[in-house]
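One structure is given below, encoded as structure tokens.
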Amino acid sequence: MYVKGGEIMARNKYPEETVQKILDVSRALFREKGYEHTTIQDIVSALGMSKGAVYHHFKSKEEIMDRLTDVYYDEAGWFMDIRLDPSLNGLEKLKEIFYYLFTDKKKFELDKLMPYTNRDNPRLRTLILDSTIHDSAPFIADLIEEGIRDGSISATRPKELSEMMMILMNVWVGMYAENREDFLVKVDYYQEFCEKMGIPVIDDRIKEAFICYFDEVIKEQPGWA
């Protein structure tokens, strides 16, 4: 026990369990009320914890959403089975990962929680952009480098290319499609861009997966026109 702010508080001997409870309750509230309509106080009340206990682990609901995303990728093993498959070259690995991400129902359910088409949430958009540059792009760059080594990709400057690819996908295509037709136009241009950069990762199968993702996830987002 220790004293803080005039209150006697028990030290948390099981921080991992507390984090998991916060994530589970937050996920349920995001699903029930919607991300935008869920407050930290809602989460605190549902948990029966003090607000300080929640803020000890997460400073905002954006951080909670970011951790839920990390959990998804951790559970997917960061696609290690695909990345270590000796029968696939670098380009084929990228294709398989893209296809998985745009067809996996668990990813659909996760992304339905996140209103990334809402342009009135700069904190969430900044989080997505930071994650794109610091997490997604390096992961893609490694596979581009592998493809360059095995000859399946003819691109150069994998770091810069991976950042451009992921910004275009996550932000330009994912956030700024005005409608379904505009989304399809952006996907077509994204395919053309990748091909001209020497990384023909978008084929008909993956384009169909993109469209399925749009119909099941993006067009259901709050604020989408």
Point to revise | Only one of 167, 206, 211, 199 that is surrounded by 13 or more Cβ atoms within 10 Å (Cβ to Cβ), part of a helix (DSSP H, G or I), of a type in the set (A, V, I, L, M, F, W, C) and touching a residue at least 40 places away in the same chain (Cβ under 8 Å) | key: 206
Check your understanding: Hey, among 131, 136, which residue is within 27 Å of residue 38 (Cβ to Cβ), buried (at least 19 other Cβ atoms within 10 Å of the Cβ), modelled with pLDDT under 95 and polar (S, T, N, Q)?
Key -> 136
Check your understanding: Does residue 97 qualify as being of a type in the set (A, V, I, L, M, F, W, C) and in contact with a Phe, Trp or Tyr (Cβ under 7 Å, 6 or more places away or on another chain)?
Key -> yes
Exercise for review: Scan 65, 49 and give me the residue that is more than 24 Å from the chain's Cα centre (by Cα), modelled with pLDDT under 95 and buried (at least 17 other Cβ atoms within 10 Å of the Cβ).
Suggested key: 49
Review point. Quick one: how many residues across the range 68-93 are at pLDDT 95 or above and either at positive phi or of a type in the set (S, T, N, Q) (or both)?
Key: 2
Exercise for review: Report the residue count in the range 170-183 for those that are of a type in the set (Asp, Glu) and part of a helix (DSSP H, G or I).
Suggested key: 2
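The values are calculated or read from the model by the stated rules, or taken from the named source; none is laboratory data. Treat the numbers as computed from the prediction; the structure is a model and nothing was measured. Ideal geometry is used to build each Cβ from the backbone, glycine not excepted, and the neighbour counts take in all protein chains shown.
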